[in-house]
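Heads up: the structure comes next, in structure tokens.
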Ligand SMILES: Cc1ncc(COP(=O)(O)O)c(C=O)c1O
């Protein structure tokens, strides 16, 4: 059975470990194992005592209890610890859907959120709910969503804070979304990989797990906490039947989470607030630099400030961002991410603000722009 190329991951596989100056990472600045354990006041020697036997398939009970404390309504039994966060998208697509069910996906999107569902129900059964572009930002069009729902629609797929726009719904919009899901008896796959990365001035919203019984929520440590190398993610599913179905699929994909990651995830969860605040501070510092940069290049870029998360979708007035990015990576070692891999057009790039080296990379980018005459569209 065919599946579309996972374009975003192909792009990063090609450039992430070979290009020195990166402006497009969606994760936040990471730490070493020794730094993490020192923050959590756990002796490094304890890691050496972790057994490398199989672990409990649904996830270490102590870890699930710890994770459950961050939800108002979810219990440890509702949590399924995954082998990797991205695995949760596959498991949910398999467990919730039958071929020919219809799915609506907010778009643009991290491409697994489109491709995986197309793989399971067929391309023609996945409808894109497009973000609307306004002069200053992005807009959710609830009328357009309502028009896409049919008697065959089974699932709505969203991701907030959103990759790539950095959009966060208002509390009222979240209520509206949940009402639509419940009114039409849909399932809601809600990707919260960037949950809690809220910029100053943006009203926070609760986890979808706490406001929607029919939600399957994906969360993890990769983005908000800057620990993608742990590969720790989890699903929150309060309804027993889909949770059991997810568990059955999980036996085929990873069986159980990796023991060292669960140990380190538990330590990370003790210091999650410290990690999150560190990462928000880095994002806000980099956003301020980016805004000054965009003010210096008003004709080349169209900037819409994100509300939350670590990324933004930026218009770039060149004939092809893909060609421009490829050339700049080869000539100057500076990496921007053409947003075509996320279902956007070739006049947008996704920028990432979570890394400490952002300022240096931005200077290199600006030097390259100054040294090269950039043809505008
Ligand atoms: C919205 C979204 N969901 C899921 C993932 C997958 O997370 P991970 O790479 O940690 O498996 C990503 C990664 O970029 C993402 O942006």
Task: Choice from 204, 260, 298 showing the highest fluctuation, given a GNM over the chain with Cα pairs closer than 10 Å - done: 298
Open item on the list: For the stretch 50-272, take N as its residue count and report Rg(C-alpha) divided by 2.2 N^0.38 Å.
Closed with: 0.99
Task: Tail weight of P(r) past 38 Å, computed on alpha-carbon pairs of the chain, percent - done: 17 percent
Task: Choice from 184, 199, 337 with maximal GNM fluctuation in the chain (Cα, 10 Å cutoff) - done: 184
Open item on the list: List residues of the stretch 177-219, by number, whose backbone nitrogen lies under 16 Å from a label position 7 Å along Cα→C-beta of residue 249.
Closed with: 187-192, 215-219
Task: Packing rank of 347-355, 167-175, where each peptide gets the mean count of other beta carbons within 10 Å, highest leading - done: 347-355, 167-175
Open item on the list: Using a 10 Å cut-off around each Cβ, can you sort 187, 297, 269 from fewest to most neighbouring Cβ atoms?
Closed with: 297, 269, 187
- [ ] Multiply the residue separation of residue 128 and residue 372 by 0.36 nm, subtract the distance between their alpha-carbon atoms, and state the gained length in nm to one decimal.
- [x] 84.1 nm
Open item on the list: Going by Cα centres, the stretch 54-133 and the stretch 15-51 are how many Å apart?
Closed with: 25 Å
- [ ] Provide the FRET efficiency to the nearest 0.05 for the residue 326-residue 142 pair, computing r from the beta carbons and using R0 = 30 Å.
- [x] 0.20
Open item on the list: From Cα pairs below 8 angstrom and at least 6 apart in sequence, can you work out the relative contact order of the chain, rounded to a whole percent?
Closed with: 26 percent
TODO: Could you estimate the translational diffusion coefficient of the stretch 1-89 from the Stokes-Einstein equation, with Rh from the Kirkwood formula over C-alpha pairs, at 37 °C and 0.692 mPa s, in whole µm²/s?
DONE: 192 µm²/s
- [ ] Find the centroid of the Cα atoms in the stretch 238-261 and in the stretch 140-166, then give the distance between the two in whole Å.
- [x] 26 Å
- [ ] Would you please give the FRET efficiency between residue 295 and residue 72, computed as 1/(1 + (r/R0)^6) with r the Cβ-Cβ distance and R0 = 45 Å, to the nearest 0.05?
- [x] 0.65
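Taken together, the values in this text are just the output of simple stated rules run on the coordinates, not laboratory data. This structure is a prediction, so every number in the text was calculated from the model and none was measured. Note: ideal-geometry Cβ built from the backbone for every residue, glycine included; neighbour counts use all protein chains shown.
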